Amino acid sequence: MENRICQLLGIKYPVFQGAMAWVSDGKLAAAVSEAGGLGIIAGGNAEGEIIRKEIQEAKKLTEKPFGVNIMLLSPHKEEVIKVVLEEKVACVTTGAGNPGKYIEAFHEAGIKVIPVVPSVALAKKMERLGADAVIAEGNEAGGHIGKLSTMVLLPQVSDAVSIPVIGAGGIADHRGVDAAFTLGAEGVQLGTYFIPAEECRAHENYKNLVLEASDIDVTVTGRFTGHPVQVLRNKLTRKLDALEKSGGSMEEFEALGRGSLYQSVILGDLEKGSFMSGQIAGLVTRKGTCSELIEALLTDSRYISYK
Amino acid sequence: MIFEKVKAVLVEELTLGEDEITMESNFEELGIDSLDLVELVMKLEEEFDITIEESEELKTIKDVVEYISSAKEA
């Protein structure tokens, strides 16, 4: 299939693996890109040199294009941007803010820029500033989420801009892919779907938690902080909820959450870890290599033909 | 007058009451988050036929009014 997203990035299938802090490293990104999609290394809050190592690891494993996500609230974003410019990855996606002032520098380095947008206004603004495409991510997504659902956001962003739109949030099978395309997407981004992948570094406990999750096991913590996070329910989320109800302070809340991604992704600590996940976890039941996962995702799609 | 026009945009776009908006109001107090601000900036750019730079840190109505008046003079 040759659509605008495939042409823009030189990829076979318009399927992005969403950036997940700590989870999507060079190995996972390379595996997704090798399988014909676009793997994305999560910048998260990591330091520049850590991201450089992941980029170099991915380059060893694949010659296909892959991306890096830059989290604009990261204290290390300037370093990460510098590393990305030096390493000249194929594309960057950005989250948690407005990447406007960096777009020109990325383009000068030949790097495509695809911001994640949670509203129509930001999508329009990104188009005007020269973004190559936008990712309309609804609040079904895992991790930090916006206000609107994919069903609501995606068609409105698609109508508002003429650059290609990638739909994200709540997709984990061919029906989700096709629904996104029906709503105007020319590509899709999935995160949670790739957590159980063989090439994914996430702890076995994390993978099993996703695979065994039911429809209502996903919850949102920290709405009162202004930065709500979608995660799988566990002891930590119950503690956070209790703290919120008892009127705990922002500092107490942050103290509980500190280091919780390391505890989930690396240590698999079911009590203290923050197991970020999209709402669709209940539909994620498949293990396998990234290549097998992409095949399973696209085989019955009406919009994308898997070859 | 720039302030009056800015106020009119805010009232229309964000359904704020006219009496809530003064030069000193800051966006956080008005319940305007970063996404609202993006929308607001786009409307102001249209309204005043200017481009508001990405690097601008607009926190209060006063910041906006001052930015617009300097942009109009330039």
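Every number here is computed from the coordinates shown, using simple stated rules; none is lab data. Source: prediction; values computed, not measured. For neighbour counting, all protein chains shown are included, and Cβ atoms are generated from backbone atoms with ideal geometry for every residue, glycine included.
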With +1 on each Lys and Arg Cβ and -1 on each Asp and Glu Cβ, and nothing else charged, work out how big the dipole of the range A:88-170 is about its Cα centre, in Debye to the nearest 20. 160
When A:Y102, B:Y67, A:Y306 are ranked with the fewest other C-beta atoms within 10 Å first, the list becomes A:Y306, B:Y67, A:Y102
Taking the protein assembly as shown and counting helices only, DSSP H stretches of n ≥ 4 at -39,500 (n - 2.57) each over all residues, the nearest-500 ellipticity at 222 nm comes to -12000 deg cm²/dmol
Once you've got the Cα coordinates, tell me which of A:K101/B:K72; A:K82/B:K72; A:K12/A:K53; A:K88/A:K124; A:K64/A:K235 are over 30 Å apart. A:K82/B:K72; A:K64/A:K235
Percent of all alpha-carbon pairs of chain A at distances over 31 Å, whole number, is 22
Roughly what % of DSSP beta bridges within chain A run antiparallel, to the nearest 5? 20
Taking other Cβ within 10 Å of each residue's Cβ, how do A:M276, B:M23 sort, fewest first? B:M23, A:M276
Arrange B:I52, A:I81, A:I40 by Cβ neighbour counts within 10 Å, fewest through most, would you? B:I52, A:I81, A:I40
Quick P(r) readout (chain B; Cα-Cα; 10 Å bins; whole %) gives 19, 63, 18, 0
Please give the charge dipole size of the range B:2-73, origin at the Cα centre, charges +1 on K and R Cβ atoms and -1 on D and E Cβ atoms. Round to the nearest 20 debye. 180
Note to self: C-alpha centroids of the range A:136-184 and the range A:1-40 sit apart, in Å, by 17
So who's got an amide H within less than 5 Å of the one on A:K112, skipping anything under 5 residues away but keeping other chains? H placed 1.01 Å off N, in plane. A:C91, A:V92
